[in-house]
Amino acid sequence: QVQLVESGGGLVQSGGSLRLSCAASGFIFRVYDMGWYRQAPGNQRELVAAITSGGITNYADSVKGRFTISRDNAKNTVYLQMNNLKPEDTAVYYCNARSGVRSGWGQGTQVTVSS
């Protein structure tokens, strides 16, 4: 059973940084592709960044050059380093794990960026 617990969200001023963490359990972490998604009020959930089991990354255009996704297979954890945050980055951020048809979500962590 995929279990994911996000942490690291909070309130930060525009231009600031945060690092989100997602601790995984209940599955073989190293073979899963991992992703960070976000959902702002009134908006659909969107992909922010993803990293495959082999370490290949991709990013939404809106965060390229500012956010970095990484994974530590020894710690069963995926990270999202967010720099130069903007008010439009305000959302609930969710961790996702996927392998074939199997997928799971965390409960989300709130990120609020003040102008």
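Values in this text are rule-based calculations from the coordinates and carry no lab data. Quantities reported herein were computed from a predicted structural model and do not represent experimental measurements. Virtual Cβ from ideal backbone geometry, glycine too; neighbours counted across all protein chains shown.
Label sites at V101 and K75, each approximated as a point 7 angstrom past Cα along Cα to Cβ, lie 3.5 nm apart. Amide H to amide H, with H built 1.01 Å from N, G108 comes under 5 Å of E6, C95, counting only residues 5 or more places away or on other chains. Annotation: amide H of F27 within the under-5 Å range of Q3, sequence separation 5 or more or interchain, hydrogens built in the peptide plane. Considering every alpha-carbon pair of region 1-46, the percent of pairs per 5 Å bin, from zero through the bin containing the longest distance, is 5, 14, 20, 22, 21, 9, 7, 1.
Which loop-located trypsin sites (Lys or Arg not before Pro) does region 65-102 contain, where loop means any DSSP state but H, G, I, E or B and the Cβ has at most 12 other Cβ atoms within 10 Å?
Numbers: sites: R66, R71, K75, R98, R102; in loops: R66, K75.
Those satisfying the criteria are K75.
Which percent, to the nearest 5, of DSSP beta bridges fully inside the chain are antiparallel?
Values: 39 of 43 bridges.
Bridges in the chain are about 90 percent antiparallel.
Whole-Hz Karplus values for region 10-18 come out as x, 9, 9, 7, 3, x, x, 10, 9 Hz, taken residue by residue from phi with 6.51 cos²θ - 1.76 cosθ + 1.60 and θ = phi - 60°; glycine and proline positions read x. Multiplying the residue separation of Q13 and S25 by 0.36 nm and removing their Cα-Cα distance gives an extension gain of 1.1 nm.
Spatial offset of region 38-60 relative to region 75-112 amounts to 7 Å, using the alpha carbon center of each.
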